[in-house]
Amino acid sequence: MGFWSSTMQEVHPRPKTTWTMCGPAAQTDAAYFLDRLDANRDSEINAVEAAHGTEVLLAAYRSAANRELVTVPLAR
């Protein structure tokens with residue numbers, strides 16, 4: 001995966017020659033949410049857990065963009 005052209009120039013990745021097909025499209029987030037409400041069931045991941053995962057991804061992007069170590073939790 002290359003997010004920045006400068007990174008791609010530095011690492012000289014091999015061209016992609018194959019693609020992996022994903023399965024059929026999953027139900028939409030809205031449909032999933034409504035189904036969970038109707039069934040009175042919690043989601044498989046709660047908002048706090050999702051926020052932690054998102055924070056890690058954001059920290060990784062910041063680190064790559066700025067070429068410096070980023071620690072979590074991020075400053076608020």
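The values are calculated or read from the model by the stated rules, or taken from the named source; none is laboratory data. As the structure is a computational prediction, the values presented were derived from the model and not from experiment. Counting neighbours? That spans all protein chains shown, and the Cβs are built from the backbone with ideal geometry, glycine included. Calculation scope for accessible area: heavy atoms of the full protein, side chains included, ligands and nucleic acids excluded. Shrake-Rupley method; radii C 1.70, N 1.55, O 1.52, S 1.80 Å.
When you scan the stretch 22-63, how many residues do you find that are among the aromatic types (Phe, Trp, Tyr) and either at positive phi or over 16 Å from the mean Cα position of the chain (by Cα) (or both)?
2
Can you name every residue in the stretch 1-40 that is assigned to a loop (DSSP other than H, G, I, E, B), modelled with pLDDT of 80 or more and open to solvent by less than 100 Å² (accessible area, probe 1.4 Å)?
18, 28
Restricting attention to the stretch 41-76, and to residues there that are assigned to a loop (DSSP other than H, G, I, E, B) and of a type in the set (Lys, Arg), which single residue is most open to solvent (accessible area, probe 1.4 Å)?
Residue satisfying both the conditions and the ranking: 76.
Looking only at the stretch 33-65, count every residue that is in contact (Cβ under 8 Å) with a residue 40 or more places away in the chain and of a type outside the set (Gly, Ala, Ser) and tell me the total. First the steps, then the outcome.
Kept after step one, since they are in contact (Cβ under 8 Å) with a residue 40 or more places away in the chain, are these residues of the stretch 33-65: 61, 64-65.
Then keep just the ones that are of a type outside the set (Gly, Ala, Ser); that gives 61.
Residues in the stretch 33-65 being in contact (Cβ under 8 Å) with a residue 40 or more places away in the chain and of a type outside the set (Gly, Ala, Ser): 1 in total.
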